[in-house]
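K.L.:
Have a look at this one before I ask anything.
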């Protein structure tokens, strides 16, 4: 039986408890996978920029399944993008803002968005896990294709 693909989750699987991995060892393994025609797939709930950060310089050699499957990139080419309709995004923002003062993040193709001045536990968690947060005055005015909340 030939192996055609190896897919890994990041947090708690591929990454160690310090959120790192043995890069020299992985590069050797990736070279061997390339030689044998085995596709390496990084699958995660993380945004693409965070995943690309972990594999800087190697991203053109792999496939990323980001945003829990909402955004799939193979060797730099978008294969799938589950962009939400503008109407759905606007209704989602309204519903979440009406429900609670708890901050939430919108994740788009070009960035992630947090309401300006957001504080508290969740805002701190967002800032820890998302590299490209833009704080905006009004979430309704975001001009990006939104993939997830």
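K.L.:
Can you find a residue in region 75-89 that is modelled with pLDDT under 90 and more than 13 Å from the chain's Cα centre (by Cα)?
P.N.:
Yes - at least one qualifying residue is present in region 75-89.
K.L.:
When residue 32 is evaluated against the numbered criteria (1) over 19 Å from the mean Cα position of the chain (by Cα); (2) within 18 Å of residue 111 (Cβ to Cβ), which criterion, by number, is the only one it fails?
P.N.:
(2)
K.L.:
Ok, one more. Failed condition for residue 112, given (1) under 17 Å from residue 137 (Cα atoms); (2) free of Cβ contacts under 8 Å to residues at least 60 places away in the same chain; (3) touching a strand residue (DSSP E or B) at 6+ places or on another chain (Cβ under 8 Å); (4) surrounded by 14 or more Cβ atoms within 10 Å (Cβ to Cβ), with all others met?
P.N.:
Condition not satisfied by residue 112: (2).
K.L.:
Given the conditions (1) part of a helix (DSSP H, G or I); (2) under 15 Å from the mean Cα position of the chain (by Cα); (3) closer than 30 Å to residue 37 by Cβ, report the number of the one that residue 125 does not fulfil.
P.N.:
So the condition that residue 125 fails would be (3).
K.L.:
Which members of region 1-26 meet the condition of being part of a helix (DSSP H, G or I) and either in contact with a helix residue (DSSP H, G or I) (Cβ under 8 Å, 6 or more places away or on another chain) or touching a residue at least 60 places away in the same chain (Cβ under 8 Å) (or both)?
P.N.:
The answer is 10, and nothing else.
K.L.:
Name every residue in region 132-148 that is buried (at least 16 other Cβ atoms within 10 Å of the Cβ) and in contact with a helix residue (DSSP H, G or I) (Cβ under 7 Å, 6 or more places away or on another chain), in order of residue number.
P.N.:
Matches in region 132-148: 133, 139, 146, 147, 148.
K.L.:
Residue 67 passes all but one of (1) surrounded by 17 or more Cβ atoms within 10 Å (Cβ to Cβ); (2) under 12 Å from the mean Cα position of the chain (by Cα); (3) on the phi < 0 side of the Ramachandran plot; which number fails?
P.N.:
(3)
K.L.:
Within region 71-108, how many residues are in contact (Cβ under 8 Å) with a residue 24 or more places away in the chain, surrounded by fewer than 19 Cβ atoms within 10 Å (Cβ to Cβ) and part of a loop (DSSP other than H, G, I, E, B)?
P.N.:
Qualifying residue count, region 71-108: 3.
K.L.:
While we're on this one: Would you pick out the residues in region 27-57 that are assigned to a helix (DSSP H, G or I) and in contact with a strand residue (DSSP E or B) (Cβ under 9 Å, 6 or more places away or on another chain)?
P.N.:
29, 30, 33, 34, 48, 49, 50, 51, 52, 54
K.L.:
Tell me, please, whether a residue that is modelled with pLDDT under 95, crowded, with 18+ Cβ neighbours inside 10 Å and more than 29 Å from residue 14 (Cα to Cα) can be found in region 118-128.
P.N.:
Checking region 118-128: at least one residue is modelled with pLDDT under 95, crowded, with 18+ Cβ neighbours inside 10 Å and more than 29 Å from residue 14 (Cα to Cα).
The values are calculated or read from the model by the stated rules, or taken from the named source; none is laboratory data. The structure presented is a predicted model; accordingly, all values stated were derived computationally and were not measured. We place every Cβ from the backbone using ideal geometry, glycine too, and count neighbours over all the protein chains shown.
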